[in-house]
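Read the structure below first, then the notes.
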Amino acid sequence: MEQALLEKAFIPGRPDNKRFMMGMITNWTQVCNASLTAAAIAVYESCPDVAEKLISRAINNHKEALTKIYAPAGTYGEGPMYWEYGTTFSSMLLSVLESTYGTDFGIGKAEGFNRTLEFFSMTLSPSGKHFAWGDGGEDIGYRTLYAIYFLARFFNTQEYILPEFDHWFQNMLAKRSPYTTDVGSSAINRFVPL
């Protein structure tokens with residue numbers, strides 16, 4: 001597994017690879033930074049030099065990216081669907097860094113990031129549908145739960161854990177196991193184990 005990570009993830013993600021997606025400022029920035037950091041931490045003992053460079057790059061890149069993505073008021077230009085995707089991975093990055101190093105290295109202080117739950121809650125209508133734009137849909141459902149619960153704890157803003165979210169979670173558990181591998185189902189939340 002370590003060799004596969006080195007060849008398929010770490011070499012393409014190395015700091016001198018300017019073509020790699022970590023230089024972009026989109027939800028992919030968040031996905032790549034979080035994923036590479038988690039993988040680098042997992043194999044740190046086997047290849048500490050490579051892992052350390054990737055982690056350092058991801059931290060620095062993520063600080064800059066979050067400011068550009070969420071500043072000044074926590075909004076997300078790619079819409080609520082991609083908010084769910086990118087913000088979930090940013091939440092995972094913060095969680096991985098906190099649990100491994102005891103700090104988020106200041107990433108959570110990116111301008112506007114502390115207000116993003118407020119933005120997301122404003123996209124939710126009384127019907128439970130989201131105001132959507134871009135290529136996002138109005139029915140995001142409970143895929144957002146990991147980011148919402150993590151950020152509510154992280155920023156001490158529990159007021160954004162709306163009753164609808166508990167309903168989504170209970171509904172998901174009633175329908176099927178959250179750990180299902182049926183990828184064709186909209187009931188899946190691959191982040192529930194986190």
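The values are calculated or read from the model by the stated rules, or taken from the named source; none is laboratory data. Please read these numbers as outputs of a predicted model, since none were measured by experiment. Positions of Cβ are backbone-derived with ideal geometry, glycine not excepted, and every protein chain shown enters the neighbour counts. For accessibility, only protein heavy atoms count, side chains too; no ligands or nucleic acids. Shrake-Rupley method; radii C 1.70, N 1.55, O 1.52, S 1.80 Å.
Numbers at a glance
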| quantity | calculated |
| --- | --- |
| Spin-label zone in region 42-80 - amide nitrogen under 16 Å from a point set 7 Å from the Cα of residue 111 along the C-beta vector | 63-77 |
| Span from the region 50-94 Cα centroid across to the region 97-158 one, whole angstrom | 11 Å |
| Radius 15 Å from Cβ of residue 70, net charge of other residues (Lys, Arg +1; Asp, Glu -1) | -2 |
| Extension gain from residue 11 to residue 68, taking 0.36 nm per residue of separation minus the Cα-Cα distance | 17.9 nm |
| Accessible surface of region 1-130, 1.4 Å probe, proportion on carbon and sulfur as whole % | 56 percent |
| Probe 1.4 Å, protein heavy atoms only - accessible area per residue of region 64-146 in square angstrom | 42 Å² |
| Projected-area average for region 4-133 over all orientations - Cα convex hull basis, square nanometres | 8.3 nm² |
| Neighbour net charge for residue 110 - beta-carbon separation under 13 angstrom, K R +1, D E -1 | +1 |
